[in-house]
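Notes to accompany the following structure.
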Amino acid sequence: MSMVEVLKVTNLKMWYFLEDGSKVRAVDGVTFTVFRGKTLGIVGESGSGKSSLAMTLIRILPLNAKIVEGSIEIATDKGFVDIVKLNESELRSKIRWKYISVIPQGAMNALNPFMKIGDQIVEAILLHENISKKEALERAKNILKYVGIDPSRLDSYPHELSGGQRQRAVIAMALATYPRVIVADEPTTALDVITQAQVIKLLKELQKKFNFGLIFITHDLSLIAQIADYVAVMYAGKIVEYGPLEKLFKEPLHPYTRALLEAIPRLYGEKRRLRGIPGTPPDLRSPPPGCRFHPRCPYADDICKKEEPQLKSVGDGRLVACHLVG
Amino acid sequence: MSVEKPLQPLSPEYEEYVNKDSEALVRVIKLRVWYPLVRGIVISKKKVKYVKAVNDVTFTIRQGEIFSLVGESGCGKTTLGKAIARLVPVTSGSVMIYLDGKEVDFARLNEKEVRMYRRYVQVIFQDPYGSLNPRLKIRDIVAEPLYVYGIAKKKEDVDRLVMKMLEQVQLTPPQDFLDRYPHELSGGQRQRVAIARALILRPRLVVADEPISMLDVSLRADILNLMMDLKDQFNLTYLYITHDIATARYVGNRIGVLYLGFLVEIGDSDKVVFNPAHPYTRALIAAVPTVDLEKKITDIPIKGDVPPNPINLPEGCPFYPRCIYARDRCAKERPPLIKIDEEHFVACWYPL
């Protein structure tokens, strides 16, 4: 089966422009592709730009944020459309939610507390599709069933649902228009492990059924291991390593990826001393010259301090941005 | 309220395990923490309801050990930790701590005594942003316990002790940190300050409540390593409270699993993780995501997605409403902790 591209992001840059004239380069030249029915896991620590990237993809950005370069091409019925080039009303009426939707961070609080669950889903459908209210209601019922909520809950208010059910309702909303791409930004952080596991399992089942491309953004490598087919590791606004899950986890190439994997205890692994990563992520107003990881990298060389490494192919579908690899 | 009737019966073998534990620094006996649900002044004769956060928990924490207490949010693990440190009032039961050759029941201390003994039991909280007074400089945050206990009064003595402590938590050079405020530090540095404050009085027991869960992954390992190093250096004993069973096993000599305020399994940390005997522990472990690609999350062997509420406890086993193995007896009788292996006990009528 050949891989069908549903989202192509090329050299995307989104910067925040602060009042004092400084710039925060939160997303600074990011390139990746999302395939139909596959999951791209994007992992990064706080300040890596991963959440900014999520919001950039659907262009829900604060006023001081600006896409300064690059493209976000989404597959539509009329071929690829560059989200960056659309004006807000075109984006809202033709693309956002219809082709690309989002499960936001803190999804538990993403529902309108004063509206019944069913009405919220129906509204999302009717805003983007030209179907009758009755059809929309019918679809809302089905979607609720798919996410494991009893359709009788259409008339419930968010506070009447448990945390896990609310999370499912948010997933139902993201799914209601059968988008080609769903962006999930830390969708399980507020949940307990058992609920989290159930949500992960649900996302996988839904993906099998509806074949959407999923971008799963998290700080947690262990969640990536559970859900991703491909992984992009972000550091200081850039992707430093990309590759198929198994290869990247079994043989990480970038020193940062390697260090991250070393820093996490394995449930069944040998009880050895963990190794943290010294220092802290850089301030994105003035990122270090050269490789942005060099101040924390044990292997850093002279070239790392001067020249910025480009993300380059090293075979096996893998990309690495490191002077010392490949 | 009826305190007489035990919520969780004690088996003779478990009672012996706890009472004959010669290494115990802390002996928690039938500890119960219930919060009355009252609004304003209640004069009515209606029975007051309680949030039953901790229900007759019995276990020991051994000298020099790291005891990991695991459970999901709302299971009572934080309340249990706070009760042991006497930060919340205890409803019944006792917390016997061996200090200077004698046993002190922390649950029975009066206000004055609590102040006297608190120095021996210190707490590190989850949130290094909320647990440090933002108006105080690092020097004063770390020095505060010294003033409270009148251990050092002269500024040069205080500074010397504080700087030594900052060095020991690897905030170096220490003079760079003395005059800074918490907001000028990173999350990892703040947690180091919290650790410094907790350890400056040389406590015997440290209750560490999710000390790394708010930190970035790359910083967590260093904080855990630091805590382990300081344990050896200062001869400490830890109660490590966490939702993360991987780190619980990693640092813990033993693991206790709490569900709905009941201790449902306790044992050697490898035994609990590799051979979980309680259906809840098994579900919890099945649900934990790990970086091991071989262990994928599949079906979680559990019913429903929320624990019952801690106001109306289930009649029998606290876990039976969600247990996929539950039988008749489970709904009627509450199981005691029984021995299934050396250093491994489980509260289940039909252990796995």
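The values are calculated or read from the model by the stated rules, or taken from the named source; none is laboratory data. Predicted model, so just to flag it, every value in this text is computed and none were measured. Every residue, glycine as well, gets a Cβ built from its backbone with ideal geometry; the counts of neighbours run over all protein chains shown. The area values use the complete protein model at the heavy-atom level, side chains included, leaving out ligands, DNA and RNA. Shrake-Rupley method; radii C 1.70, N 1.55, O 1.52, S 1.80 Å.
Side notes on the structure shown:
- Compactness of chain B, expressed as Rg and Dmax over alpha-carbon positions, Å: 21.1, 68
- Directionally averaged shadow of chain A, computed from the convex hull of its alpha-carbon atoms, nm²: 18.3 nm²
- Using the average count of surrounding beta-carbon atoms within 10 Å as a protection proxy, the listed peptides B:234-247, A:294-307 rank, highest first, as B:234-247, A:294-307.
- The stretch B:226-334: radius of gyration over Cα atoms, expressed as a fraction of 2.2 N^0.38 Å: 1.22
- The tail of the calculated P(r) for the protein assembly as shown, taken as Cα-Cα distances beyond 50 Å, holds 17 percent of the pairs.
- When both bridge partners sit in the protein assembly as shown, DSSP labels roughly 65% of those beta bridges antiparallel.
- Note on the stretch A:183-326: with charges restricted to the Cβ of Lys and Arg (+1) and Asp and Glu (-1), its dipole about the Cα centre is near 220 debye.
- Taking only the Cα atoms of the stretch B:52-144, the radius of gyration and Dmax are 14.9, 41 Å.
- 3J(HN,Hα) along the stretch B:160-167: 4, 5, 5, 5, 4, 5, 4, 4 Hz, from the Karplus curve 6.51 cos²θ - 1.76 cosθ + 1.60 with θ = phi - 60°, whole Hz, x for Gly and Pro.
- Accessible area per residue for chain B is 43 Å², calculated with a 1.4 Å probe on protein heavy atoms, without ligands, DNA or RNA.
- Rounded if a/c under 1.5, otherwise prolate or oblate - the stretch A:170-326, Cα gyration tensor axes: prolate
- Between helix B:187-199 and chain B there is an angle of about 90 degrees, using the helix long axis and the longest principal axis of the Cα atoms.
- For chain A: relative contact order, % (alpha-carbon pairs under 8 angstrom, 6 or more apart): 21 percent
- Among the protein heavy atoms, those of A:K247 account for about 80 Å² of accessible surface (1.4 Å probe, every chain in place).
- Heavy-atom surface of the stretch A:1-99, accessible at 1.4 Å and reported per residue (Å²): 47 Å²
- Between amide H atoms placed 1.01 Å from N, distances below 5 Å from A:E69 occur with A:K13, all of them 5 or more places distant or on a separate chain.
- B/A buried area, accessible surface, summed, 1.4 Å probe, Å²: 4100 Å²
- Between the stretch A:209-243 and the stretch B:320-345, the alpha-carbon center distance in angstrom: 40 Å
- Distance from the stretch A:126-155 to the stretch B:265-302 (C-alpha centre basis), Å: 36 Å
- Computed from label points 7 Å out along Cα-Cβ, the spacing between B:N110 and B:E15 is 3.2 nm.
- Cα shape, the stretch A:1-100, gyration tensor, a/c 1.5 rule: oblate
- Taking label positions 7 Å along the Cα-Cβ direction at both A:E5 and A:Q310, the computed distance is 1.8 nm, reported to one decimal.
- Across the stretch A:43-155, Cα-Cα distances exceeding 24 Å account for 38% of all pairs.
- The charge dipole of the protein assembly as shown, taken about the Cα centre with unit charges on the Cβ atoms of Lys, Arg (+1) and Asp, Glu (-1), comes to about 1240 debye, rounded to the nearest 20.
- Packing-based ranking of A:150-161, A:223-234 yields A:223-234, A:150-161, ordered from highest to lowest mean Cβ neighbour count within 10 Å.
- Over 19 Å [Cα-Cα, the stretch A:98-176], rounded percent: 26 percent
- Comparing Cα centroids, the stretch B:76-115 and the stretch A:286-316 end up 53 angstrom apart.
- Neighbouring Cβ atoms from other chains, within 10 Å of the Cβ of residues in B:247-260, number 2 on average.
- Around the Cα centre of the stretch A:31-186, unit charges on the Cβ atoms of Lys, Arg, Asp and Glu (plus for the first two, minus for the last two) sum to a dipole of about 280 debye.
- Per-residue shielding of B:183-195, expressed as the average number of other chain Cβ atoms within 10 Å of the residue Cβ, stands at 1.
- Radius, Kirkwood style, for the stretch B:182-226 when every pair of distinct Cα atoms is counted (Å): 11.2 Å
- Peptide A:187-200 - average C-beta neighbours from other chains (10 Å radius): 6
- A dipole drawn for the stretch A:83-208 from +1 and -1 charges on Cβ atoms has a positive end, and of A:Y178, A:Y157, A:N112 the residue lying farthest that way is A:Y178.
- Overall dimensions of the stretch B:294-352 as given by Cα atoms, namely Rg and Dmax in Å: 13.3, 40
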